[in-house]
1. If you restrict to DSSP beta bridges whose two residues both lie in the chain, what percentage is antiparallel, to the nearest 5?
2. Can you list, largest first and rounded to whole Å, the semi-axes you get for the chain by taking the square root of 5 times each eigenvalue of its Cα gyration tensor?
3. Find how much the distance from Gln222 to Ala262 grows on full extension, using 0.36 nm per residue of separation minus their present alpha carbon separation; answer in nm with one decimal.
4. Find the centroid of the Cα atoms in the range 77-156 and in the range 258-301, then give the distance between the two in whole Å.
5. How far apart, in nm, are the 7 Å Cα→Cβ label points at Glu59 and Lys2?
6. Classify the range 127-266 from the C-alpha gyration tensor, please: rounded if a/c falls under 1.5, else prolate or oblate depending on whether a/b exceeds b/c.
7. Between Ser113 and Thr289, 0.36 nm times their residue separation minus their Cα-Cα distance comes to what?
8. Kindly provide the trypsin sites (Lys or Arg not before Pro) of the range 70-116 that DSSP labels as loop, not H, G, I, E or B, and whose Cβ sees at most 15 other Cβ atoms within 10 Å.
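The values are calculated or read from the model by the stated rules, or taken from the named source; none is laboratory data. Quick caveat, the model's predicted, so the values are computed rather than measured. Quick reminder, even Gly has a Cβ in these numbers, built from the backbone with ideal geometry, and neighbours come from all protein chains shown. Accessible surface areas use protein heavy atoms only, side chains included; no ligands, DNA or RNA. Shrake-Rupley method; radii C 1.70, N 1.55, O 1.52, S 1.80 Å.
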Amino acid sequence: MKAVVITSPGGPDVLQLQQVDDPQIEDDEVLIKVAATAVNRADTNQRQGKYPPPKGASEHLGLECSGTIEAVGSSVSRWKIGDQVCALLSGGGYAEKVAVPAAQVFPIPDGISLTDAAAFPEVACTVWSTILMTSRLSPGESLLVHGGSSGIGTFAIQIAKHLGIRVFITAGSEEKLAACRDLGADVCINYKTEDFVARVKEETDGKGVDVILDCLGASYFQRNLESLNFDGRLFIIGLMGGVKAEMNLPTLFAKRLTVQAAGLRYRTPENKAAIVNEVEKNVWPAIATGKVKPIVSKIFPFSEAAEAHKLIENSQHIGKILLVPS
């Protein structure tokens, strides 16, 4: 089969489409003929040699995909050859075929194309497992999402609004702010021209928001704490703004704050299966009724994976960037 290969750690141009061996499936896995995969920030980190795949996972990039099942393991009962599905992966999506545990496979959501379905698994599982399953974001509360126009952000806005949450976002251009507003975001803050802490306080009568979903890490850490309400929860899912931060500990005590962090890729298969089950039960009906839609910025062939990586690293996109077999 063909796969996008990292020829050496480095910039986008180290990605090349090459012939590689087909994956072999275990008894609890299925083999998917890939129709589409999505580009995530984690892929760019792996390309640079900073984010190795878990032990036993595919060495190829790609944390989600959609496609058609070509083979099933001997212990798999739910899926059969020919089923159209999408899946949460530990790697391997940038290839014509990928092996994945059957418990990490979803049916294609009603009303969604096979290609667009690749936009959902990683963002849905990330958002649901963090701010919903862990931070217990509840109807009537408020949420601040940094990077509101990203794949994570555009999904988080939609699912939060569906659940009755007041949504605040930050983004860096008027085009991105408008896109987030169109998706239902209530308060849209241009982080380049506004102090998001001041704006959050202004919009909440000085209280702050209940939950923050943050991809920046160190650079926003103290300001995030200042933006939270009593019993607020900060959930960190990325370190784009650095890895080391100082904090004012009394802030935590005074407002009974919780700081949480987690990734998705290194979780156990059992933990991923539990998340996938919760997402299918709670998110897929919202997609089927049109409350949550795929937001796809651009689709590239595998042969142009380098261009796709340049686009995500330049942050000029809104929503997801997809790759399809060349």
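1. The antiparallel proportion sits near 50 percent.
2. After scaling each eigenvalue by five and taking roots: 34, 21, 18 Å.
3. 12.5 nm
4. If we compute the Cα centre of each part, the gap is 3 Å.
5. 2.1
6. Rounded, since a/c falls under 1.5.
7. So the chain would gain 61.9 nm between Ser113 and Thr289.
8. Arg78, Lys80
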